[in-house]
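Here's the structure we're looking at; comments come further down.
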Amino acid sequence: MALYCWANYEFTKLDQAAADHPHLADHLMAANSALIDLKEEIKGQPFFPVKNYSIKSVAPACGFHWSQADVNGLSAQLMYLDWLKTGDGSIIEGLSSTIGKTCWRCWRLTSTFVPCRRESEPMRVA
């Protein structure tokens, strides 16, 4: 199993969650060891035509264009929290399509750039 992320946020949060919830630590660390940092994979390519390795620079170079220009990661999180509080589905309308497209593009990027890895060789960022 592989879980894809961009940069080290997920690594850090899973480590924190394991420390805060020792009874779940084995499961959380299993998820942590399955993380593959796509940012580090892209940086390892011989040539990638971007000025920096932020997801906002790399994604368009890979053919990805956000369908909702006014929604970024933070606003999507806030929309989700609003939806949880209110139950109003119109708040997150359209996000599921965007998330689905993002997942498909992550798979496409991965199949192109990420070499096959044995489960015993999880990628970690420093």
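Taken together, the values in this text are just the output of simple stated rules run on the coordinates, not laboratory data. On a predicted model such as this, the values are computed, not experimentally measured, just so you know. Glycine gets a Cβ as well: all are built from the backbone with ideal geometry, and neighbour counts include every protein chain shown.
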(message) Quick check: pseudo-label points 7 Å beyond the Cα along Cα→Cβ at W83 and I36, how many nm apart are they?
(response) 2.6
(request) Quick one: Debye curve from the alpha-carbon atoms of the range 8-81 only, equal weights, vacuum; give me log10 I(q)/I(0) at q = 0.25 Å⁻¹ to two decimals. (result) -1.08
(message) Quick query: amide H of Y4 versus all other amide H atoms, modeled in the peptide plane; which residues come in under 5 Å with a sequence gap of 5 or more or a different chain?
(response) I36
(message) At R0 = 22 Å, how high is the FRET efficiency between A61 and A7 if r is their beta carbon distance? Nearest 0.05 is fine.
(response) 0.85
(message) As a test of the definition: which semi-axes, in Å, follow for the range 1-51 when you take the square root of five times each eigenvalue of its alpha carbon gyration tensor? Largest first, please.
(response) 28, 10, 5
(request) Using packing as a proxy for protection, rank 22-34, 3-15 so that the peptide with the highest average count of other Cβ atoms within 10 Å comes first. (result) 3-15, 22-34
